[in-house]
Amino acid sequence: MITEPRVHPIFSANMHLVLGRDADLLIDSGMGVAPLRPYVDALRPDTERPLICLSTHTHVDHIGAVHEFDQRLVHPIEAQEHANPTSYSLRTDGISEAFRTLFRKAGYEDLWPLLIDALPWAGYDVDSYVLRGAPPTGMVEDGDVIDLGDWQAEVLHLPGHSPGQVGLFDHDSGTLFGADAIYDGPLICDDQATSVTDYAATLRRVRDLPVKVVHGGHDPHFGKARLDEIVETYLAKWGA
Ligand SMILES: [Zn+2]
Ligand SMILES: [Zn+2]
């Protein structure tokens, strides 16, 4: 798991690197405040091996550095946004009151003036930050398999938090990469951009998988008992 500890908790997403026999897999690419590829390559025993970057969905905290990777996968519903994402600034004064209220009601601390509380290096210009995105080089849909040679995971379409979000389930070990569909922190379901109905169906679906451990898009990993608790809490909260 790779994290961005100096990014505000709302936007501090987890990335996961899976090392395989024939290829490596990077699940999400953070905010892209600083170059990510050198950091990821330093963790790989063989940088000649292909590296697949899977974007679980196209929120800013999950596709920030995706342009640094040659193989880029996303669900077709979010392909356009992946190629040409909505622009983003590290300054938060442009974030609407509606979004601030949504975050506050979800349980997050108020936004800082910047999305980061430290600069990656002295002299870093926060206004140089752009969310570039990149055209996907391939698509993933529900039921597809990501195969690294000695490790396989099934792609799960998990709409609700975003319409084209995907997670991965490794049946052999019972490991779920739940993205922003399920993590152990305030889940965000915005009536305008997301659908409570879809999200509730997604929560029920992941609850019914033979899961042993969940690695979510934010916050630390957790087990099946906590998964059940989180799902029940949100289904009740949303009246779903
Ligand atoms: Zn996120
Ligand atoms: Zn998200």
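Below are the figures for this structure:
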{"read-out": "Filter pass, residue 198 being closer than 20 Å to residue 54 by Cβ and without any contact (Cβ under 8 Å) to a residue 60 or more places away in the chain", "value": "no"}
{"read-out": "Residue pairs meeting the criteria (Cβ under 8 Å; at least 6 apart or on separate chains; first more than 18 Å from residue 185 (Cβ to Cβ) and touching a residue at least 40 places away in the same chain (Cβ under 8 Å), in segment 88-104; second among the hydroxyl-bearing types (Ser, Thr, Tyr) and assigned to a loop (DSSP other than H, G, I, E, B))", "value": "88/129; 89/129; 90/129"}
{"read-out": "Residue within segment 80-88 that is among the aliphatic types (A, V, I, L, M) and within 16 Å of ligand 2 (Cβ to nearest atom) present", "value": "no"}
{"read-out": "Residue ranges of helices (runs of 4 or more DSSP H) in segment 15-85 with at least 1 members within 17 Å of the chain's Cα centre (by Cα), at pLDDT 95 or above and more than 28 Å from residue 160 (Cα to Cα)", "value": "37-42"}
{"read-out": "Unique residue being closer than 24 Å to residue 104 by Cβ, buried (at least 21 other Cβ atoms within 10 Å of the Cβ) and either in contact (Cβ under 8 Å) with a residue 60 or more places away in the chain or within 16 Å of ligand 2 (Cβ to nearest atom) (or both) when the list is 167, 178", "value": "178"}
{"read-out": "The one condition in (1) more than 20 Å from residue 154 (Cβ to Cβ); (2) buried (at least 23 other Cβ atoms within 10 Å of the Cβ); (3) within 13 Å of ligand 2 (Cβ to nearest atom) that residue 66 fails to fulfil", "value": "(3)"}
{"read-out": "Residues being surrounded by fewer than 20 Cβ atoms within 10 Å (Cβ to Cβ) and more than 20 Å from residue 198 (Cα to Cα) - total across segment 145-158", "value": "7"}
{"read-out": "Meets criteria (touching a residue at least 24 places away in the same chain (Cβ under 8 Å) and touching a Pro at 6+ places or on another chain (Cβ under 8 Å)) for residue 79", "value": "yes"}
{"read-out": "Considering residues of segment 37-59 that are closer than 22 Å to residue 118 by Cβ and in contact with a strand residue (DSSP E or B) (Cβ under 8 Å, 6 or more places away or on another chain) only, the residue surrounded by the most Cβ atoms within 10 Å (Cβ to Cβ)", "value": "40"}
{"read-out": "Residue count for segment 25-62, restricted to those that are in contact with a Cys (Cβ under 9 Å, 6 or more places away or on another chain), within 14 Å of ligand 2 (Cβ to nearest atom) and of a type outside the set (D, E, K, R)", "value": "2"}
{"read-out": "Pair list, Cβ < 8 Å and 6+ apart or interchain, from segment 12-24 residues that are surrounded by fewer than 19 Cβ atoms within 10 Å (Cβ to Cβ) to residues that are of a type in the set (Gly, Ala, Ser)", "value": "20/149; 21/149; 22/149; 23/149"}
{"read-out": "Tabulated pairs, segment 139-163, first touching a residue at least 24 places away in the same chain (Cβ under 8 Å) and in a strand (DSSP E or B), second of a type in the set (S, T, N, Q) and within 16 Å of ligand 1 (Cβ to nearest atom), C-beta under 8 angstrom, 6+ apart or interchain", "value": "157/165"}
{"read-out": "Extreme residue, modelled with the lowest pLDDT, among residues of segment 187-198 that are in contact with a Gly (Cβ under 8 Å, 6 or more places away or on another chain) and within 12 Å of ligand 2 (Cβ to nearest atom)", "value": "194"}
{"read-out": "Set 203, 227, 187: member being buried (at least 20 other Cβ atoms within 10 Å of the Cβ) and either more than 24 Å from residue 58 (Cβ to Cβ) or free of Cβ contacts under 8 Å to residues at least 40 places away in the same chain (or both)", "value": "227"}
{"read-out": "Those residues of segment 93-138 which are exposed (fewer than 14 other Cβ atoms within 10 Å of the Cβ), assigned to a loop (DSSP other than H, G, I, E, B) and hydroxyl-bearing (Ser, Thr, Tyr), in sequence order", "value": "96, 137"}
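The values are calculated or read from the model by the stated rules, or taken from the named source; none is laboratory data. Quantities reported herein were computed from a predicted structural model and do not represent experimental measurements. All Cβ positions, glycine included, derive from the backbone under ideal geometry; neighbour counts span all protein chains shown.
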